[in-house]
Each structure stands twice: as structure tokens, then as C-alpha cells.
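Written below as C-alpha cells is the structure these notes are about.
The values are calculated or read from the model by the stated rules, or taken from the named source; none is laboratory data. As the structure is a computational prediction, the values presented were derived from the model and not from experiment. Cβ: placed from backbone, ideal geometry, glycine included. Neighbour counts: every protein chain shown. Accessible surface areas use protein heavy atoms only, side chains included; no ligands, DNA or RNA. Shrake-Rupley method; radii C 1.70, N 1.55, O 1.52, S 1.80 Å.
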Amino acid sequence: MKKLITVLILTIYTSGAFAQILATANSPEYRNILKMSVSQFTRSTFQMGYERFINPNTSFYLTAGLTFQDSDYEKVFAVRNEAQMRFHVFTIIKPKESHRLYFAPYLMNQYFETETQVYDNNGNYFWQTDTFDAFGGGMLFGWSFSFANRINLDIYTGGGLRKTFNYDGDENTYYNDDIFDYGYSGIVPRLGIDIGFWF
């Protein structure tokens, strides 16, 4: 297994070594983008991503994020990972900016540890703890805009399927069965904004 992973990493690295990827026509040839997700802050999540161009029309994007929330009624800790293969179907490279349109199938995994304040019939409360995993996959469509030679703005939308496993939420908790619930299973829309820089 270790040999397979090593061969895969070497293949991606060497195939990208000869790709000529320009952020803008005036910039040097960069092949990597380090990004931070602005939209994930609305979910109490700090998420970073790394995009590596294999060739001018294909890139591989990995993200990792941490969710932390500590309020009077709920405590959440979560780890989020995602992998995308991006196919850039339209590219314009101008002297001071560039535009790329892409579509990207993705796979996602999240691990959660939650504590929720629950009240009994007498008005007394206790903390209910839960640990569970969520897996998902789907398709994104996005616009990657580069300017100032090295700055990148990535806006995307799409959606997919999400399934949660080992979730113990029940009628005694205050979870809502909607797309913003940590334990939600079903079809999920996606909308996001990432900002980063080329190197």
C-alpha cells in the first residue's frame, strides 16, 4: 500500500513538473495555489486547501478544516476533509488577470464530536454527547479568477449526496432535520468562496 501511495505522489509531482501554468501573463510559471475558505467561517470552520495543477487543464485539490464551537447550549468539534479533481474547461490568461471555468467531482468526509444541552420534563438539563461520521460526494462548478499576479479568488456552486453514520440524535434533542444540521443525511447544495495565492 505504501508503494502505491509513493508511486501516485511521484506521478502527480513529475507530471506537473513540465506543466506551464501561468497565474497571469505577466507572472512566473506557478503550479500551486494555497487557499483559505471564506464561506466555511459561517459554519465555525477554519479550512485550508492546496491545489496542484497536473497539466494546464487539470488540477487536484485537497482541503482540511477544523470546526470548533463552544456555547452555553452546544459544543462542537469536527474535522473535515475533501478531495476534488478539477477539470478546467475554459481558460483565458490576460496580462494582469486570468479566468478559469471548471467542474469538479468531489469526495468529502467529516468526523464530529458534539455535546448538546437537553432538558427533561422537570426543566432540568443534562449534556448529551455524540460522535459520528458523515461521508459525501457530488459535483461542483466554479470560476477561478487570478489577479495581481499571485492572488486567486475561487467561487463555486453545486451539490451532492451526504450520508451520516452512527448519529444518535433523537426527539429529545434540539436538532433540526435540515441541511444545516450536523447529523443531516440527504441531498446537499454547495456554495463557497475561497481566496488564496499562487506559488
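Values for this structure:
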quantity	calculated
Any hit, segment 122-138, residues being over 23 Å from Ser59 (Cβ atoms), among the hydrophobic types (A, V, I, L, M, F, W, C) and crowded, with 18+ Cβ neighbours inside 10 Å	yes
Qualifying residue in segment 90-104 (condition: more than 24 Å from Ala23 (Cα to Cα) and either modelled with pLDDT under 95 or acidic (Asp, Glu) (or both))	no
Some residue of segment 35-44 being free of Cβ contacts under 8 Å to residues at least 40 places away in the same chain, out of contact with any Phe, Trp or Tyr (no Cβ under 7 Å at 6 or more places or on another chain) and surrounded by 15 or more Cβ atoms within 10 Å (Cβ to Cβ)	yes
Leu101 being closer than 25 Å to Tyr167 by Cβ, of a type in the set (A, V, I, L, M, F, W, C) and either part of a strand (DSSP E or B) or open to solvent by 80 Å² or more (accessible area, probe 1.4 Å) (or both)	no
